[in-house]
Amino acid sequence: MQLYFVLSLTASILVVIFAVTNAAAVPVRIFFVEYKLSLALIIFASTALGAIIATMLSFIKQFKLGKKIKKLNNENQALKAENQALEEENKKLQESAAPADAMQTPAPSPEEI
């Protein structure tokens, strides 16, 4: 997390330095209309728009991952409950089979025959 902060801060400083050194007015054409704007303002606006778009895309990805995690947690809980039920059933079957095995006489071994 701190690495991303340091990298974004470094990139922001580089953008500011680049924008300040290129502060001349330049013609900008937007939808058949021409404006004269400061290059620094164009750089800042472009960078801010790029950051907003990247943030929105990451929110969408994070939302999808959150839904997937919630689904997998629910599935995990269901599987744990099923596993516990099967373990209890297995234990009951083993307990009920144990007395029956004790009553049966063992089969003769091949050497006894």
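No value in this document is a laboratory result; all are computed from the given coordinates. Every value quoted in this text rests on a predicted model; they were computed, and no experiment measured them. Cβ placement follows ideal geometry from the backbone for every residue including glycine, while neighbour counts extend to all protein chains displayed.
Every listed requirement among (1) part of a helix (DSSP H, G or I); (2) in contact with a helix residue (DSSP H, G or I) (Cβ under 9 Å, 6 or more places away or on another chain) is met by Ile69 save one, (2). Of all residues in segment 1-48, those being in contact with a strand residue (DSSP E or B) (Cβ under 7 Å, 6 or more places away or on another chain) and not in a strand (DSSP E or B) number 3.
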